[in-house]
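Below you'll find the structure, written out as structure tokens, and then a few comments.
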Amino acid sequence: MKISLQGVTRRYGEREVLRGVDWQIHEGERWALVGPNGSGKTTLLKILAGREEPDGGEVVRARDLRIATVPQDDLAAVSLSARQYLLKAFSHVVERERKLDELHHRMAEGDTSPETLEEAAHLQEWLLHHGGYTYEADLEKALLGLGFTLEDGERPCRSFSGGEQMRIKLGRALLDPADLLLLDEPGNHLDSRQREWLGQFLRTCPRAFVVVTHDPEILEEAVDHVACLAEGRILTFRGDFASFEVQFEELQKTRQRVYEQQQAYIERTKEFIRRYKAGQRSKQARGREKVLERLKPVEAPLRAPEGFRLRLLFDQTPGEDVLRVEDLLLEVGGRPLRVPRLLLERGQKVALVGRNGSGKTTLIRTLVGELPPESGWIRWGTNVRLAHYDQHQQRLAFAGSLFEAVGTLLQTFNRETILAHLGAFGFGGSRAEQSVASLSGGERARLHLLAVLLARANVLFLDEPTNHLDAQAREILREALESYRGTLVLVSHEEDFLAGLATHTWAVGPRDVRAAAGFNPGMAEEGVQEAEAAAGQVQEERKPARKGGLSKNERYRLERRLREVEECLSGLQGQKAELERRFSDPDSVVTEDWHDLNRRFEKVKGEIAAAEEEWLSLQARLEEES
């Protein structure tokens with residue numbers, strides 16, 4: 001067992017978030033932690049990680065348990081390169097590697113004492129089983145999988161956008177070879193390809209993990225247990241996420257049936273007591289009163305509140321042209337991004353699409369006046385009232401309780417309406433009196449989004465508004481945006497969410513931003529392909545022109561090079577076989593420098609792959625021109 005919770009409780013003021021949680025996580029188990037917004041999932045993860053202490057109950061962790069979570073570091077001022085930052089995940093591996101190098105240096109100088117040899121053998125064995133010879137390749141895979149290039153790995157962390165920094169921190173957690181991995185909404189800053197890579201990573205992850213996410217696609221075939229947190233208690237299910245949904249629905253039906261039966265019994269009993277309490281059967285009535293007092297009530301099944309609709313209102317109507325942009329030049333990650341022309345007209349709903357890191361957030365922040373452009377001009381129309389939701393909630397400045405914060409935005413509404421708005425975004429019941437300062441990051445995001453939506457703005461810029469919303473809240477938001485009569489610019493990695501809303505598309509490509517009517521999520525990829533094709537054309541144009549067919553001398557040179565590559569391949573295969581033999585030798589733990597041996601093995605494999613590729617290319621060239 002890795003960790004056990006027994007009767008864990010946690011309060012925030014009068015609100016009891018966790019009410020006697022019992023939960024055990026064993027080695028190799030893959031858990032999804034699900035539940036409605038505000039149910040306490042993040043709090044539970046913090047208790048598992050040891051970043052918060054429970055108010056009651058007991059947390060038991062296995063001895064020397066290592067837990068990995070997404071770091072809380074602010075990377076805005078970190079001068080380390082992304083690669084150096086990610087390498088921190090392997091600090092204990094690198095430290096043992098350094099010690100082994102020192103031992104090899106001592107051995108090379110003549111220290112062959114049994115103690116030195118035994119310590120070197122022990123370190124080599126440890127590194128073999130803890131990724132000591134593969135961590136550099138794992139780091140590169142994570143960089144590529146999370147949407148970076150290997151060249152990006154040399155850039156300082158502070159040079160990346162906020163979303164990119166979150167992906168770097170996620171990569172740090174994924175690479176950490178800890179015993180237990182805890183992830184809270186890891187898909188928030190990932191596009192579809194990166195979420196697919198994350199899902200594949202989790203499916204092959206050998207460690208135990210707990211993942212909180214509203215995106216079931218990430219969990220598909222990746223988990224074998226599901227924990228559902230609701231009303232302060234936890235229900236656990238064995239099986240994948242699809243099987244959990246079936247089991248949970250059956251549980252709901254059973255709870256509904258038992259609840260209704262008990263409520264009917266209670267009503268019959270109360271009616272008996274009212275009728276006979278003062279009559280001849282008063283003794284029986286008093287007996288039934290005692291039965292009701294001792295009766296343990298069955299909890300009502302979990303049901304989402306129904307009937308709430310969020311209406312986005314504004315007071316003034318802007319002019320026909322809301323925004324004009326001409327010849328804008330931005331800097332995104334050290335590269336230029338051109339915006340030749342954009343026109344935003346009243347009532348348009350624009351999907352802003354593009355790969356992660358392409359510059360979507362930079363473009364929005366420039367348009368709303370937070371960042372200055374390198375050149376060009378931005379002109380807003382008349383009577384524009386703008387509200388901007390950014391995924392990092394940098395402008396949330398409410399004090400006091402949640403009820404007071406939202407109440408200032410809904411001054412003409414009654415208490416029930418204010419509570420309904422809070423409940424729709426996961427702050428129902430007694431949570432309304434919770435202080436804004438006590439909110440977690442995801443909770444602050446939801447409150448910030450609600451504040452933006454209630455700002456009575458006639459132009460909304462929303463950057464990834466669904467990141468911290470559960471399915472119910474996303475549906476409320478979608479309906480609100482569909483009926484919104486104002487102007488909208490929306491960034492979201494959920495194409496299904498955008499498809500029913502967008503009337504126009506702005507696509508951020510590698511070099512420029514393009515606009516088109518209708519929803520066309522593929523526009524950005526078209527721009528990427530065009531840029532790659534243009535780069536390929538430039539390379540092709542730089543090559544010397546070749547006349548049709550091979551001359552006798554050209555064919556001779558190609559055939560000679562083919563023989564050379566074949567001889568090289570034969571030699572490399574021999575080297576590979578020899579290295580494999582040395583790996584399999586039982587004495588190699590003591591006699592070999594495994595770190596150096598593995599490096600040479602990986603180098604030979606790379607040389608073989610390159611030689612095979614060249615051989616295929618030469619063979620194809622000769623066959624084409626024969």
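Out of all the residues in the stretch 290-300, is one or more within 30 Å of Gly199 (Cα to Cα) and within 34 Å of the chain's Cα centre (by Cα)?
Kept after step one, since they are within 30 Å of Gly199 (Cα to Cα), are these residues of the stretch 290-300: none.
Among the residues of the stretch 290-300, not one is within 30 Å of Gly199 (Cα to Cα) and within 34 Å of the chain's Cα centre (by Cα), which makes the answer no.
Residues in the stretch 359-367: is at least one under 30 Å from Met166 (Cα atoms) and without any contact (Cβ under 8 Å) to a residue 40 or more places away in the chain? Spell out the reasoning first.
If we filter the stretch 359-367 for residues that are under 30 Å from Met166 (Cα atoms), which is where we start, we get 359-367.
Those left that are additionally without any contact (Cβ under 8 Å) to a residue 40 or more places away in the chain: 365-366.
Among the residues of the stretch 359-367, at least one is under 30 Å from Met166 (Cα atoms) and without any contact (Cβ under 8 Å) to a residue 40 or more places away in the chain, which makes the answer yes.
Return yes or no: is His122 open to solvent by less than 60 Å² (accessible area, probe 1.4 Å), over 30 Å from Gly334 (Cα atoms), of a type outside the set (Gly, Ala, Ser) and out of contact with any helix residue (DSSP H, G or I) (no Cβ under 6 Å at 6 or more places or on another chain)? Spell out how you get there, then give the answer.
Details: open to solvent by less than 60 Å² (accessible area, probe 1.4 Å): no; over 30 Å from Gly334 (Cα atoms): yes; of a type outside the set (Gly, Ala, Ser): yes; out of contact with any helix residue (DSSP H, G or I) (no Cβ under 6 Å at 6 or more places or on another chain): yes.
Against the criterion (open to solvent by less than 60 Å² (accessible area, probe 1.4 Å), over 30 Å from Gly334 (Cα atoms), of a type outside the set (Gly, Ala, Ser) and out of contact with any helix residue (DSSP H, G or I) (no Cβ under 6 Å at 6 or more places or on another chain)), His122 does not qualify.
May I ask you to list the residues in the stretch 578-595 that are under 42 Å from the mean Cα position of the chain (by Cα), at pLDDT 70 or above and exposed (fewer than 14 other Cβ atoms within 10 Å of the Cβ)?
Glu580
Each row is one residue, and each column tells you yes or no for (1) open to solvent by 70 Å² or more (accessible area, probe 1.4 Å); (2) aliphatic (A, V, I, L, M).
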position: Arg83; (1), (2): no, no
position: Phe90; (1), (2): no, no
position: Glu115; (1), (2): yes, no
position: Lys141; (1), (2): yes, no
position: Leu170; (1), (2): no, yes
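What number goes with the only condition from (1) part of a loop (DSSP other than H, G, I, E, B); (2) touching an Asp or Glu at 6+ places or on another chain (Cβ under 7 Å); (3) surrounded by fewer than 21 Cβ atoms within 10 Å (Cβ to Cβ); (4) not aliphatic (A, V, I, L, M) that His104 does not pass?
Condition (1) is where His104 drops out.
Taking the stretch 1-48 on its own, how many of its residues are of a type outside the set (A, V, I, L, M, F, W, C) and under 24 Å from Pro177 (Cβ atoms)? Don't jump to the end; show me each part of the working.
Narrowing the stretch 1-48 to residues of a type outside the set (A, V, I, L, M, F, W, C): 2, 4, 6-7, 9-16, 19-20, 22, 24, 26-30, 35-43, 46.
Retained after the next criterion (residues that are under 24 Å from Pro177 (Cβ atoms)): 2, 4, 24, 26-30, 46.
Summing the residues that are of a type outside the set (A, V, I, L, M, F, W, C) and under 24 Å from Pro177 (Cβ atoms) in the stretch 1-48 gives 9.
Taking the criterion of being over 21 Å from Arg172 (Cα atoms) and either exposed (fewer than 15 other Cβ atoms within 10 Å of the Cβ) or aromatic (Phe, Trp, Tyr) (or both), would at least one residue in the stretch 25-44 satisfy it?
yes
The values are calculated or read from the model by the stated rules, or taken from the named source; none is laboratory data. Computed from a predicted structure; not experimentally measured. No Cβ is skipped: glycine too gets one built from the backbone with ideal geometry, and neighbour counts run over all protein chains shown. Surface accessibility is based on the protein's heavy atoms, side chains included, excluding ligands, DNA and RNA. Shrake-Rupley method; radii C 1.70, N 1.55, O 1.52, S 1.80 Å.
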